[in-house]
1. Of all residues in the range B:1-27, which are within 7 Å of chain A (Cβ to nearest Cβ) and modelled with pLDDT under 95?
2. I need every pair where a residue in the range A:43-69 that is in contact (Cβ under 8 Å) with a residue 40 or more places away in the chain and within 14 Å of chain B (Cβ to nearest Cβ) has its Cβ under 8 Å from the Cβ of a residue that is in a loop (DSSP other than H, G, I, E, B) and near DNA strand C (Cβ under 7 Å from one of its atoms), sequence separation at least 6 or different chains.
3. Filter the range B:63-78 for residues that are more than 8 Å from DNA strand C (Cβ to nearest atom) and touching a helix residue (DSSP H, G or I) at 6+ places or on another chain (Cβ under 7 Å) and give the result.
4. Against the condition touching a strand residue (DSSP E or B) at 6+ places or on another chain (Cβ under 9 Å) and either under 30 Å from B:SER91 (Cβ atoms) or away from DNA strand D (no atom under 13 Å from the Cβ) (or both), how does B:LEU15 come out, does it pass?
5. Restricting the search to the range B:28-40, which residues are within 10 Å of chain A (Cβ to nearest Cβ) and either over 17 Å from B:LEU60 (Cβ atoms) or within 9 Å of DNA strand C (Cβ to nearest atom) (or both)?
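The values are calculated or read from the model by the stated rules, or taken from the named source; none is laboratory data. These figures come from a predicted structure and were not determined experimentally. Here the Cβ positions follow ideal geometry from the backbone for every residue, glycine too, while neighbour counts run over all protein chains shown.
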2 protein chains.
Amino acid sequence: MLNESPSLDRVFHALADSTRRAMVERLALRPMSVSELASPFAMSLPAVMQHLAVLEESGLVRSHKAGRVRTCRIDTETFGLVERWTADCRSEWEGRLDKLEDYINTLKGQQK
Amino acid sequence: MLNESPSLDRVFHALADSTRRAMVERLALRPMSVSELASPFAMSLPAVMQHLAVLEESGLVRSHKAGRVRTCRIDTETFGLVERWTADCRSEWEGRLDKLEDYINTLKGQQK
DNA sequence: ATAATACTTAAGTGCATGCTTAACGAATCA
DNA sequence: TGATTCGTTAAGCATGCACTTAAGTATTAT
């Protein structure tokens with residue numbers, strides 16, 4: 001706990017932008033080229049490239065170039081980081097609630 | 001899909017900072033006052049307050065003041081937003097992989 | 001009444017982010 | 001070969017972010 005985790009910083013930051021989330025959603029459907037990925041967005045290609053760079057640095061997306069076309073795909077592994085962190089938090093407070101419930105049940109038991 | 005979702009923007013942005021994640025982790029253990037929440041961090045109280053404001057605006061944390069002490073607690077509901085978005089993405093690409101697997105199985109069937 | 005506690009507000013600073021346009025590089029097509 | 005297509009690099013700009021210090025305001029304790 002109290003982990004600095006710069007990689008979680010990068011992943012959450014990458015997902016904190018609706019354009020980048022939409023890119024991730026598109027890539028969840030299937031891998032695609034940069035220009036196909038960019039097509040629905042009302043911004044310049046360089047802007048899309050910068051978003052793509054953020055996604056790649058976070059580990060959420062990988063890409064490789066063949067000829068003049070770069071194909072991008074989701075890296076499913078990095079998604080696990082987010083899922084794991086949220087699950088850990090949840091289990092922490094649910095554990096706490098369970099203990100509270102146990103305590104209440106103990107009180108009820110004593111009343112009888 | 002292709003949802004703008006400013007609330008997801010806010011939630012992910014709130015979680016994209018290790019101090020704020022640590023605050024969430026602390027509050028997952030139990031509700032606490034601002035100064036207790038702030039105690040492990042090597043920064044000024046106003047800085048902590050600003051992080052708290054970001055967390056509250058995202059919906060991840062609620063607080064109320066009694067006398068001179070403000071007590072903060074996690075709002076578990078907003079966590080669901082993150083869990084739901086990631087689960088939706090995952091099911092999208094897993095659905096795709098299932099379909100690919102089906103297709104491969106069909107090919108195998110044809111070979112026999 | 002005084003002092004200490006617990007937060008709050010305001011203002012300022014340096015650096016990061018999300019775009020833009022303009023120019024360039026390299027692979028494919030006619 | 002010369003023109004397109006697909007992507008990349010560079011520079012610049014407005015805005016936002018994560019702090020800081022300094023100076024408040026209530027509340028509670030002595």
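1. Hits for the range B:1-27 are B:MET1, B:LEU2, B:GLU4, B:SER5.
2. A:VAL54/A:ASP17
3. The answer is B:CYS72, B:ARG73, B:ILE74, B:THR76, B:THR78.
4. Values: touching a strand residue (DSSP E or B) at 6+ places or on another chain (Cβ under 9 Å): no; either under 30 Å from B:SER91 (Cβ atoms) or away from DNA strand D (no atom under 13 Å from the Cβ) (or both): yes.
Taking the combined requirement at face value, the residue does not satisfy it.
5. Hit for the range B:28-40 is B:PRO40, nothing else.
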